[in-house]
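**Student:** Take a look at the following structure, please.
Nothing in this text is a laboratory measurement; each read-out follows from the coordinates by a stated rule. The structure presented is a predicted model; accordingly, all values stated were derived computationally and were not measured. FYI the Cβ positions are ideal-geometry reconstructions off the backbone, even for glycines, and counts take in every protein chain you see.
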Amino acid sequence: MPPRRLIIGSRRAGHARCLVLFLALGGPVAWADSPLKGSLEIAAGHEELTSPLVRVAPSGPLLRVEGLNRLAGSSLRINGSVLRDWTLDGGTGISASARGDVLRAPAAPDLDWGIAAADVMLRHPWAGATWGIGPSVQRLWVARRRFRDTVGVQADALRVDGSGHWSLAGDWAQTQHSGENSDFNSAIALVSLQRRISDPLPGLESMDLEGGLLRERNRAGLPELGSRSAYLRVTLAGKRWGYDWSLGGMTQRSRFDATVLDPLPARRDRFRSLDLSVSRDIGEGAYVKAEANFARNEANSPLFESRYRQVALTLGFAW
């Protein structure tokens, strides 16, 4: 359910200052920067959401935002990103990226959302893996109003082997919500493990298996908004007749710390999603893509049950 992407980190911007200090005191540095990389996608589609539940993180629980009601209509989505890498002496590297993602539904403005995010990662090879750490920031809009700011740090480790790679990631965040949504202010910790297998079966180029645990603590002293979640995601990708395709499925269970209203039980969610995309190159760095996404949230209270459907046709560019 939109928006689907969240860049999460820790509560202090001091990590950025530590990174600058490391570079300043690290001795002689030889820079070798790579060309700027980027992408741009323009998509036209249709979305439908049966209740005002907003999923602000790919592995987080759904948040109910009161006042949203016009939740079905055609949409236009534009997203873009830029990335640049620098290599220092000793194999150490720095990468910086920025992303923007905006969806507009003229007939259903409550579906509108937007994301602006940026991060910097310092990476260094050690013990057969590449380790990284760095700060990240994000701003999220819902229904054309500022909804959530996130600031923090993310760390990861990547180990490549003969059949693919392993990736371990940890994200720590503090979120700040605007106005009447300040009750959602939280501290978030996420740990995830991903295994990618290349060419696992004939006709498959890759298979990704990912699982994670998320803990969200409410900073406004409302335990009914704190939760624990666990998720598992499987993604298959391949190529057939000149078309690239991917099929992904996810299941997640969330348990909240306390009940919203006595004598109701504490909220329990079971979220499931399925997404399919097919794309084809139409020129150097250009492609078209058709995609469909379906999601359903089941809960022990009808108030938090929801279904989401989306189809879109995308024109994309990469350089």
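**Student:** Filter region 78-111 for residues that are part of a strand (DSSP E or B) and aliphatic (A, V, I, L, M); which is surrounded by the most Cβ atoms within 10 Å (Cβ to Cβ)?
**Tutor:** LEU103
Per-residue answers, yes or no, for (1) surrounded by fewer than 13 Cβ atoms within 10 Å (Cβ to Cβ); (2) touching a residue at least 40 places away in the same chain (Cβ under 8 Å); (3) over 20 Å from ASN218 (Cα atoms); (4) of a type in the set (Ser, Thr, Tyr):
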residue	(1), (2), (3), (4)
PHE256	no, yes, no, no
LEU261	yes, no, no, no
LEU276	no, no, yes, no
ALA290	no, no, yes, no
GLU298	no, no, yes, no
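**Student:** Moving on to the next point. For region 230-249, check the following and say yes or no: at least one residue is in contact with a Gly (Cβ under 7 Å, 6 or more places away or on another chain), exposed (fewer than 15 other Cβ atoms within 10 Å of the Cβ) and among the polar types (S, T, N, Q).
**Tutor:** Checking region 230-249: not a single residue is in contact with a Gly (Cβ under 7 Å, 6 or more places away or on another chain), exposed (fewer than 15 other Cβ atoms within 10 Å of the Cβ) and among the polar types (S, T, N, Q).
**Student:** Here's something else I'd like to know. Show the residue pairs meeting these rules: Cβ distance below 6 Å; 6+ apart or different chains; first residue within region 171-185 and farther than 14 Å from ARG215 by Cα; second residue outside any strand (DSSP E or B).
**Tutor:** Taking only residues 6 or more apart or on different chains, the pairs are GLN176/ASN185; HIS177/PHE184; HIS177/ASN185; ASP183/ALA220; ASP183/LEU222.
**Student:** Now, a different point. Considering only region 112-228, give the strands (runs of 3 or more DSSP E) lying wholly within it that have at least 2 residues that are acidic (Asp, Glu) and either buried (at least 18 other Cβ atoms within 10 Å of the Cβ) or within 18 Å of the chain's Cα centre (by Cα) (or both).
**Tutor:** In region 112-228, 145-161, 206-218 are the strands (runs of 3 or more DSSP E) which contain 2 or more residues that are acidic (Asp, Glu) and either buried (at least 18 other Cβ atoms within 10 Å of the Cβ) or within 18 Å of the chain's Cα centre (by Cα) (or both).
**Student:** Quick one: how many residues across region 199-241 are small (Gly, Ala, Ser), touching a Lys or Arg at 6+ places or on another chain (Cβ under 8 Å) and closer than 30 Å to THR259 by Cβ?
**Tutor:** Going residue by residue through region 199-241, those that are small (Gly, Ala, Ser) are 203, 206, 211-212, 220-221, 226-227, 229-230, 237-238.
If we keep only those that are touching a Lys or Arg at 6+ places or on another chain (Cβ under 8 Å) too, we end up with 203, 206, 211, 226-227, 229-230.
Filter again for closer than 30 Å to THR259 by Cβ, leaving 211, 226-227, 229-230.
Residues flagged as small (Gly, Ala, Ser), touching a Lys or Arg at 6+ places or on another chain (Cβ under 8 Å) and closer than 30 Å to THR259 by Cβ within region 199-241 amount to 5.
**Student:** Going through region 225-255 one residue at a time, which ones are closer than 18 Å to SER198 by Cβ and of a type outside the set (Lys, Arg)?
**Tutor:** VAL234, THR235, LEU236, ALA237, GLY238, ASP244, TRP245, SER246, LEU247, GLY248
**Student:** Let me ask another. In region 80-95, what residues are small (Gly, Ala, Ser) and touching a residue at least 40 places away in the same chain (Cβ under 8 Å)?
**Tutor:** Listed by number, the residues that qualify are GLY80, SER81.
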